[in-house]
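K.L.:
What follows is a structure written as structure tokens; I'll ask about it next.
The values are calculated or read from the model by the stated rules, or taken from the named source; none is laboratory data. These figures come from a predicted structure and were not determined experimentally. With ideal geometry, Cβ positions are generated from the backbone for all residues, glycine too; neighbour counts draw on all protein chains shown.
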Amino acid sequence: MIEYILMIVAVLGAIIALIQRDLLKAAILTGISGAAIAFLYQFLLAPDVALTQAIVGTAIVPVFIALAVKKTRSMEED
Amino acid sequence: MNPLIALMVIIPITCALLVNLFHTKDKTVKILSIVVALFLPIIPLFTSYGLHYFGGYMTLAQSPVLSQWVPASITNSALNIFHMGIMYSFGSAQQIFIVALGIIAFLAILTSLSETKKASGVYAFLMFMGVASMSAVILTDDIFNFYVFFEIIAIAQVGIVIASKVKGNLEAALKYMIIGGIASPLLLLGIALLLGVTGNVNITDIVYSIKTGLVNPQSPVLLMACALIIFGWSYAAGLPPFHTIKSEIYSRALPHGAALLQAFSVFTLAAVGIVILRIFSYLAFSKVIIIALSLAAMILSITMALMQTDFKRIIGYLAVGELGYIGLGLGIGTSMSITAGLFQAVNEAIITAFLFIGFGTVLYLTKESDIRKLGGMMVHTPKIALLVLLAGLAMAGVPPLNAFQSKLMLIQSSLNAGIPELGIIMILLSIVTFMTFMKAFYAIYMRSKPKGLKISNSKIPKATIFSLVVFLIICIMLGLFPQIVTNYLQPLATSLI
Amino acid sequence: MIIDSQLASFFTAAALIIIGLYAALFLDNIIKKIIGLAFIGDGANLFIITMGYKAGGIVYIFLPDMTVNWFAQNASYPLPFALVLTSIVIGASTLAVMLALVIVLYKKYGSIKASKILGAKQNQETENSIKGDGL
């Protein structure tokens, strides 16, 4: 059951991240989607990949994006 | 087991790391780079043909110690002869490719070291990294290992473009990376589908499973995999729809960088084309798609080249257009046409590098690449003008230079295969190529010098002239004695059909 | 449940790839394009992982109390997982290079709109000259 919830969270997280106007929020929501995928890997019997994805998907990628957003402008322009 | 095979990849990578380690020590970096670059074309000459198994993992049948552990249900199945680890295979065709790549890399690195004042920096690092991964792509027999090095080549190419301070390089690099971000996951999906159908990533085993009917060859999943892999292939090589971005990448790099970049594209085209033919040659439509893509590449790029005003862009488009000849050779699919296509790959890599470095001297002297603002270079550098003219003649396929031999073989094979239309198109486009080249050549060298043009008095480095002469010698050698290369390519071409 | 978790997982991967493709092709903001590319990569990785999954199977770790035969029949297929480990790292490093490029380009254009940065090509074409010594 829990894996279905994770799948929905992963997809919804991706969609919500892309419709944000505030790019910093978008960066953090990318992390939520990444975390859901990491847990999903655990349910798909791949614990070592889950560990890597947990680090890369929930920490490194959002932090990189957030840093880039900090260095550029944080709101999407019209 | 032959350790020299792995060394072809390990030596450039180690050198790349050492170049980074000796950062700011210009003299050390210069000597190290030149010595290692000199070794690049020499190692494959002394390596005997064979297979290299990483970690020593062969097949279960070949390792009795391991097979005691494994249940009989596995040792009695086809799994017994499947390869367990990453495998590199080194044959005569790979030897020719790596020697050609090594020569181009050596001359490009030599030119770049002599034309720029600072030797240390990321530029040499990226060049060595690119050469290492290119050798790995040529050698590897493992489709995932191939994907990894394919990505490293993409990043190294982008890095070379970023490191050359040409106007508009960053935008082109970002564009290329975004397109790559779409294309390479799709290539990975194609590889994943192959893995899903055959349960394997070793190309030899995939071919075995398909040929012996272990998997259903007509399965739609395999068709999808074929389509996705061809898509990734056209991204890596610069076939349409990626011809515009590829030629832009060439024109935004320094000439010696561009000489190496186009060599990467050409050899990726050949290496991946071979993989596609090995796996999917039983699907008739795969060859049709390859022919269609190659024709589109030739026609679109060569006509686009006519309209450009930047000479780096012109050569970029011509280089992409010439790729179409290789694709046609692979797509026609007879033993002779594949040999001709691979021969054309070797020729084209050498000739385009020759052209890029030759025209690079104009950029070196004038800092200007717009042909409308150039002129009168013949008076300043008559010898180089002659060399560049010969390079252009070679590209258009004038005897006795090398591309004549390969284009002749291609046209003959298209006639033999019963598709004379392709031969006619090839001849027509050769003429257009020559016309485009002559337009640029006339504007730069023959026309009288415009008023605003400043030509610096600095001498062209000896290393550049040396590189050009070496390229010319290779062109003439291969033009007079094409057997030097074709005899080595023949066995691979015959094994593909 | 109506569909089994492997199939649902395939659909999730497909959804991620489609969302990512949409973002990379149609959104104008470069950072969002790059987020979209990260989703395409995630989708491809999830697809490969799902292929190795075995419903009701065990993790591919050989414990001393298992027999070889039982393990061979019940363990999930580890080869795709080994590939994904590499692929995740490649994806992250490509992302980092792209974001660095965006930061540099932002300083030049003062904007992160793709139409401004990547569309500004044509007027530069004419004045494409080299900036100096090269490196």
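K.L.:
Identify, please: which residue in the range C:56-74 is among the small types (Gly, Ala, Ser) and either closer than 9 Å to A:LEU45 by Cα or more than 14 Å from chain A (Cβ to nearest Cβ) (or both) and is, among those, nearest to the chain's Cα centre (by Cα)?
P.N.:
Within the range C:56-74, the first condition is being among the small types (Gly, Ala, Ser), and the residues that meet it are C:56-57, C:72.
Now restrict to residues that are either closer than 9 Å to A:LEU45 by Cα or more than 14 Å from chain A (Cβ to nearest Cβ) (or both): C:57, C:72.
Details: C:GLY57: 27, C:ALA72: 31 Å.
Here the residue is C:GLY57.
For (1) without any contact (Cβ under 8 Å) to a residue 24 or more places away in the chain; (2) more than 10 Å from chain B (Cβ to nearest Cβ); (3) more than 25 Å from the chain's Cα centre (by Cα), each residue gets a yes or a no:
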residue	(1), (2), (3)
C:SER5	no, yes, no
C:ALA44	no, no, no
C:LYS54	yes, yes, no
C:LEU95	no, no, no
C:VAL102	no, no, no
C:LYS113	no, yes, no
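K.L.:
Considering B:ALA237, B:ALA263, B:ALA225, which residue is more than 12 Å from chain C (Cβ to nearest Cβ), farther than 23 Å from B:PHE144 by Cβ and either of a type outside the set (Ser, Thr, Tyr) or out of contact with any Cys (no Cβ under 8 Å at 6 or more places or on another chain) (or both)? I'd like the intermediate steps shown before the answer.
P.N.:
Values: B:ALA237 fails: farther than 23 Å from B:PHE144 by Cβ; B:ALA225 fails: farther than 23 Å from B:PHE144 by Cβ.
Sole residue among the options that is more than 12 Å from chain C (Cβ to nearest Cβ), farther than 23 Å from B:PHE144 by Cβ and either of a type outside the set (Ser, Thr, Tyr) or out of contact with any Cys (no Cβ under 8 Å at 6 or more places or on another chain) (or both): B:ALA263.
K.L.:
For residues that are facing chain C (nearest Cβ under 7 Å) and aliphatic (A, V, I, L, M), scanning just the range B:175-186, find the one that is nearest to C:LYS33 (Cα to Cα). Walk me through how you get there before you give the answer.
P.N.:
At the first step, the residues of the range B:175-186 found to be facing chain C (nearest Cβ under 7 Å) are B:175, B:177-178, B:181-182, B:185.
The next check asks that each one be aliphatic (A, V, I, L, M); those that pass are B:177-178, B:182.
Working: B:MET177: 11, B:ILE178: 8, B:ILE182: 10 Å.
Ranking the candidates gives B:ILE178 first.
K.L.:
Can you tell me which residue in the range A:37-56 is nearest to A:TYR4 (Cα to Cα), limited to those that are within 7 Å of chain C (Cβ to nearest Cβ) and within 11 Å of the chain's Cα centre (by Cα)?
P.N.:
Within the range A:37-56, the match that is nearest to A:TYR4 (Cα to Cα) is A:ILE37.
K.L.:
Here's another thing I want to ask about it. Do we have B:PHE354 as of a type in the set (Phe, Trp, Tyr) and in contact with a Ser or Thr (Cβ under 6 Å, 6 or more places away or on another chain) here? Break it down into steps so the answer makes sense when it comes.
P.N.:
Details: of a type in the set (Phe, Trp, Tyr): yes; in contact with a Ser or Thr (Cβ under 6 Å, 6 or more places away or on another chain): no.
Here the answer is no, as B:PHE354 does not meet what is asked.
K.L.:
Within the range B:208-237, can you find the residues that are crowded, with 23+ Cβ neighbours inside 10 Å, farther than 30 Å from B:ALA163 by Cβ and among the small types (Gly, Ala, Ser)?
P.N.:
Residue satisfying the conditions is B:ALA225 alone.
K.L.:
Same structure again: In the range B:369-426, which residues are β-branched (Val, Ile, Thr), touching a residue at least 40 places away in the same chain (Cβ under 8 Å) and either out of contact with any Ser or Thr (no Cβ under 7 Å at 6 or more places or on another chain) or part of a loop (DSSP other than H, G, I, E, B) (or both)? Reasoning before the result, please.
P.N.:
In the first step, residues of the range B:369-426 are kept if they are β-branched (Val, Ile, Thr); the result is B:371, B:379, B:381, B:384, B:388, B:398, B:411, B:419, B:424-425.
The next check asks that each one be touching a residue at least 40 places away in the same chain (Cβ under 8 Å); those that pass are B:371, B:379, B:381, B:384, B:388, B:419, B:425.
Within the range B:369-426, B:VAL379, B:THR381, B:VAL388, B:ILE419, B:ILE425 qualify.
K.L.:
So which residues in the range B:442-468 are closer than 30 Å to B:ILE96 by Cβ, surrounded by 13 or more Cβ atoms within 10 Å (Cβ to Cβ) and of a type outside the set (Gly, Ala, Ser)?
P.N.:
So in the range B:442-468, the residues closer than 30 Å to B:ILE96 by Cβ come out as B:461-468.
Then drop every residue that is not surrounded by 13 or more Cβ atoms within 10 Å (Cβ to Cβ), which leaves B:461, B:463-468.
Those that are closer than 30 Å to B:ILE96 by Cβ, surrounded by 13 or more Cβ atoms within 10 Å (Cβ to Cβ) and of a type outside the set (Gly, Ala, Ser): B:PRO461, B:THR464, B:ILE465, B:PHE466, B:LEU468.
K.L.:
In the range B:92-137, how many residues are in contact with a strand residue (DSSP E or B) (Cβ under 9 Å, 6 or more places away or on another chain) and β-branched (Val, Ile, Thr)?
P.N.:
The total comes to 1.
K.L.:
So, in the range C:30-42, of the ones that are facing chain B (nearest Cβ under 8 Å), in contact (Cβ under 8 Å) with a residue 40 or more places away in the chain and of a type in the set (A, V, I, L, M, F, W, C), which residue ends up farthest from B:ASN200 (Cα to Cα)? So that I can check it myself, show each step before the final result.
P.N.:
First, the residues of the range C:30-42 that are facing chain B (nearest Cβ under 8 Å): C:30, C:33-34, C:37, C:40-41.
Of the ones still in play, those that are also in contact (Cβ under 8 Å) with a residue 40 or more places away in the chain are C:30, C:33-34, C:37, C:41.
Add one more test, that the residue is of a type in the set (A, V, I, L, M, F, W, C), and what stays is C:30, C:34, C:37.
On the way: C:ILE30: 37, C:ILE34: 31, C:LEU37: 27 Å.
Among those that are facing chain B (nearest Cβ under 8 Å), in contact (Cβ under 8 Å) with a residue 40 or more places away in the chain and of a type in the set (A, V, I, L, M, F, W, C), it is C:ILE30.
K.L.:
Continuing with the same structure: Of the conditions (1) surrounded by fewer than 18 Cβ atoms within 10 Å (Cβ to Cβ); (2) within 7 Å of another protein chain (Cβ to nearest Cβ), C:LEU83 clears all except one; give me its number.
P.N.:
For C:LEU83, the failing item is (1).
K.L.:
Which members of the range B:162-181 meet the condition of being within 21 Å of B:GLY232 (Cα to Cα) and of a type outside the set (Ser, Thr, Tyr)?
P.N.:
Going through the range B:162-181, the residues within 21 Å of B:GLY232 (Cα to Cα) turn out to be B:172-181.
Hits for the range B:162-181 are B:ALA172, B:ALA173, B:LEU174, B:LYS175, B:MET177, B:ILE178, B:ILE179, B:GLY180, B:GLY181.
K.L.:
Considering only residues that are surrounded by 12 or more Cβ atoms within 10 Å (Cβ to Cβ) and either of a type outside the set (Ser, Thr, Tyr) or in a helix (DSSP H, G or I) (or both), which ones fall in the range B:55-72?
P.N.:
Pass one, the range B:55-72, residues surrounded by 12 or more Cβ atoms within 10 Å (Cβ to Cβ): B:57-63, B:66-67, B:70-71.
Across the range B:55-72, the qualifying residues are B:MET58, B:LEU60, B:ALA61, B:GLN62, B:LEU66, B:SER67, B:VAL70, B:PRO71.
K.L.:
How many residues, within the range B:469-497, are surrounded by fewer than 19 Cβ atoms within 10 Å (Cβ to Cβ), in a loop (DSSP other than H, G, I, E, B) and in contact (Cβ under 8 Å) with a residue 40 or more places away in the chain?
P.N.:
Counting residues in the range B:469-497 that are surrounded by fewer than 19 Cβ atoms within 10 Å (Cβ to Cβ), in a loop (DSSP other than H, G, I, E, B) and in contact (Cβ under 8 Å) with a residue 40 or more places away in the chain gives 1.
K.L.:
Okay, next question. Only one of these conditions is not met by C:ASN74: (1) under 28 Å from B:ASN202 (Cβ atoms); (2) modelled with pLDDT of 90 or more. Which number is it?
P.N.:
(2)
K.L.:
Okay, next question. Looking at B:ALA192, B:ALA154, B:ALA163, B:ALA172 in this structure, which one is facing chain C (nearest Cβ under 10 Å) and in contact with an Asp or Glu (Cβ under 6 Å, 6 or more places away or on another chain)?
P.N.:
Details: B:ALA192 fails: in contact with an Asp or Glu (Cβ under 6 Å, 6 or more places away or on another chain); B:ALA154 fails: in contact with an Asp or Glu (Cβ under 6 Å, 6 or more places away or on another chain); B:ALA163 fails: in contact with an Asp or Glu (Cβ under 6 Å, 6 or more places away or on another chain).
Only one candidate passes the filter, namely B:ALA172.
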